[in-house]
Amino acid sequence: MKCPKCNTENTSDSEFCKKCATPLPSSKEIPVTSTKTLEIPTEELTRGATFAGRYEIIEELGKGGMGKVYRVEDKKIKEEVALKLIKPEIASDKKSIERFSNELKMARKIAHRNVCRMFDLGEEKGVHYITMEYVRGEDLKSMIRMSKQLSVATSIDIAKRVCEGLAEAHRLGVIHRDLKPQNIMIDKEGNARIMDFGIARSIEAEGITEVGTIIGTPEYMSPEQVEGEEADTRSDIYSSGVILYEMVTGRVPFEGDTPLSVALKQKTETPLNPREVNDQIPEDLSSIILRCMEKDKGKRYQSVRELLSGLSKIKIRKLETGKVGEIQLKNSIAVLPFTDLSPKEDQEYFCDGMAEELINALSNIEGLQVASRTSSFQFGEKGYDIQDIGKKLKVQTVLEGSVRKAGNRLRITVQLINVDEGYHIWSEKFDRDLEDIFAIQDEISLAIAEKLKVKLLGEEKEALVKRYTEDHEAYNLYLMGRYFWNRRYEGKLQKAIECFQQAINKDPLYAIAYAGIADCYNLLAIYGLMVPKEVYSKAEAAAKKALEIDKTLAEVNTSLGWIRTFFDWDWPVAENEFKKAIELNPAYATAHHWYALHLVCRGRFDEGVTEIKQAHELDPLSLIINRNLAWVYYFTCQYDQAIEQFMKTLEMDPNFIYTHLKLGWVYLNKSMYEEALAEFQKEKELSTSWNPFIEARIGLAYALMGKRIEAQQVLNNFMEQSKREYIPPYGLACIYFALRKNNQGFKWMEKGYEERDYWQTYLKVEPMFESLRSEPKFKALLKKMGLE
């Protein structure tokens, strides 16, 4: 028989194509009873044909449980997508289509790098179809068949990526129900992408299948699905175990002559230990697989995150034959957040702080490239393996560690690992009293430098072990403050200030704690919805105090540069502060980041783009830098690039604050009002309370859409809310301008000038104000702000 994908001739008893490993039709397949829908004529979809007046056929990709799948070009959006034509026998059932439509609404919410995006369900002349993201690559089933079995390291890597995608889907309440290697694509970059979310449940409608048949794929079904019970997240975990079993052994755990016989084995038989098939499988991996495949779902992992954690703990060591030579290391390192092994599990802030202090110390070594805190900490709970971390952060070594605190005793364990080989270069345990924490940091930092073969000059060694306080209680409070500051989007800024202040009470000369307070107050002007004059004066006082104590902290000059930019509007002084910060620490990404925003506000776009790209290069996984790279593109009117970059940020974290808001902002300037409003509504859904920034954007969208009544209602709500809290004037000004009530707009903009509204700093470069630039009042405002 011919392969439906590549047309290669195969023998009649072949199950898979000998060339491309595509599953071949079985002679045992039961024909489906014809229905009226089968009589609907459809044209032959060959290359170059157009379907539904929109989709130009490029090639047929294959057949699935739902129907044929094609690679097509969507002429409307000028992109390639996958087009799946639903079988007539499925499409003829209205309940099935209705159910799938509802499932698709849920599945479309999944925005994750390990999930293939679902787009739409449509109908053309009685033919129902689905469009989805087209992924270049091959499905996992083909990959297994061609390789016979995958290496343990590759299998674990793919499994972890699948778990990441499943975890996001489960968080949104979406269960796959038909997870199998055929539904997992491995793209050209080696990334795993799960497909067909929501489809399995949609074909369970009455009358579609013959009596006694089982919905799903028997080789990967959980026992409860065989019984006809409702699937939950643990069913997907069972299927994940089967897939992992197949990857490392090259075969599924249960085989049989008929689908029913295979399904019964899922329910009644115990799988053979995978180590009996492949003795290279580590025991801990074998245990994980068998736990996933427990018949009793209560004995399995209860969440995908729990499974992911188990996979992440497996250490893969490369087996070598013969003599192993000396490992040659490049001078680069990533320090991961330490793991809290304390009995009470209450030392996360201490673990994060320990890693952060090491990052700061190692950054002082000339010739040593140290991954930034933000990028390194992205991998704290993600479940990536060491090779993946090294590839993404472009480092040759990774430091990981753990902290166990009991009473006043600490045990800190650290391991330095070579990325390429997976070898442990050095490991050590430090058992100390809590008061010895500084000595422990010194020992670890110097030992790492030695193992990395970095030449330390006297000055570098001194900088490496520099500490800002000798009071261990003050240090502990500082770590806790930074822990809360890094979670500032969760409303923890005030808590962080309390911790920093308590640290200062312990040690009044603790310079970096004052810098922490300055950082908190700077951000409260944006996220805390407080009057700028109140918070910026406190930020400046703290920064100046830090500067009196220590003039070598780049963080302090960066904070002062922010204040001079967004409150004082003292542009030359602000620029000098940023330049001083970069001179003190060229690797401090935040200095380049905030300097870029300063330059953009002044209309110095080329320089601004250069600085934000430098920040991005230093800290490629920082959400805020990724988001503000798009923000810079927006002000340079590169709207498509801005949208693309916002989308990349959302792939990293679909819920990252103000990303949907600013993406909608771009859509407004492209006159894509419905899309803009949808993004603003998404941002509103993510907010835990009434937010004036979001409401102002919604009001602006209504005004630009000509919905004056709705826009006015937003303004009325602002007036009512202003009786209870501070309302930034800039947002109201934007709405009034959009309603062409310029006098009121300038009134609120004058108020924004008086109150030093953060958002008004972008007045000179905001694209939506193009029509106002010739207005005398607008020019006068720019002049008062020093921007003209």
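The values are calculated or read from the model by the stated rules, or taken from the named source; none is laboratory data. What you are looking at is a predicted structure, and each value in this text was computed from that prediction instead of being measured. FYI the Cβ positions are ideal-geometry reconstructions off the backbone, even for glycines, and counts take in every protein chain you see. Surface accessibility is based on the protein's heavy atoms, side chains included, excluding ligands, DNA and RNA. Shrake-Rupley method; radii C 1.70, N 1.55, O 1.52, S 1.80 Å.
Odds and ends about this structure:
- Kirkwood radius for region 603-730, taken over all pairs of different Cα atoms as the inverse mean of 1/r, rounds to 15.5 Å.
- Counted by Cβ distance under 12 Å from LEU272, the other residues give a net charge of 0, where Lys and Arg count +1 and Asp and Glu count -1.
- Amide H partners (placed H, <5 Å) of VAL335, local residues excluded: ALA371, LEU399
- Extension gain, ASN408 back to LYS94 (0.36 nm per residue minus Cα-Cα distance, nm): 106.3 nm
- Rounded if a/c under 1.5, otherwise prolate or oblate - region 545-634, Cα gyration tensor axes: oblate
- 3J(HN,Hα) from dihedral phi, region 113-121, Karplus parametrisation 6.51/-1.76/1.60, rounded to Hz, x for glycine, proline: 5, 9, 10, 6, 6, 8, 10, 8, 10
- Separation in nanometres of the label points that stand 7 Å from Cα toward Cβ, at LEU260 and GLU534: 7.4
- In this rough spin-label picture, where each label sits 7 Å from Cα along the Cβ direction, the GLU269-GLN721 distance is 6.2 nm.
- 3J(HN,Hα) from dihedral phi, region 240-254, Karplus parametrisation 6.51/-1.76/1.60, rounded to Hz, x for glycine, proline: 4, x, 5, 5, 5, 4, 5, 4, 8, 10, x, 8, 7, x, 10
- Nearest-0.05 FRET efficiency for ASP296 and ARG47, computed from C-beta distance (R0 60 Å): 0.75
- The C-alpha atoms of region 237-288 occupy a region whose extents along the principal axes are 32, 20, 16 Å, arranged from largest to smallest.
- Taking 0.36 nm per residue of separation and subtracting the current Cα-Cα distance, fully stretching the chain between ASP74 and CYS637 would add 200.1 nm.
- Separation of alpha-carbon centers, region 112-169 and region 683-761, rounded to whole Å: 43
- Using a Förster distance of 35 Å, the FRET efficiency for ALA587-ARG708 (Cβ separation, nearest 0.05): 0.10
- Whole-Hz ³J(HN,Hα) from phi, Karplus 6.51 cos²θ - 1.76 cosθ + 1.60, for region 767-784, glycine and proline x: x, 6, 9, 4, 6, 9, 5, 8, 5, x, 5, 5, 4, 5, 5, 4, 5, 5
- When the C-alpha to C-alpha distance is required to be over 27 Å, the pairs from LYS68/LYS670; LYS344/LYS492; LYS684/LYS723; LYS297/LYS682; LYS87/LYS141; LYS613/LYS670 that qualify are LYS68/LYS670; LYS297/LYS682.
- Using a Förster distance of 45 Å, the FRET efficiency for GLU788-GLN681 (Cβ separation, nearest 0.05): 0.80
- Model label sites at ASP431 and GLU644, defined 7 Å from Cα along the beta-carbon direction, differ in position by 5.7 nm.
- Dipole magnitude (debye, nearest 20) for region 669-740, charges at Cβ of Lys, Arg, Asp, Glu: 240
- Taking amide H as placed 1.01 Å from N in the peptide plane, the amide H of PHE51 sits under 5 Å from that of GLU56, ILE57, each at least 5 places away or on another chain.
- Taking a ≥ b ≥ c as the square roots of the eigenvalues of the Cα gyration tensor, region 654-718 is oblate, since a/c reaches 1.5 or more and a/b is not larger than b/c.
- Surface exposure of region 549-654, expressed per residue as accessible area with a 1.4 Å probe, stands at 36 Å².
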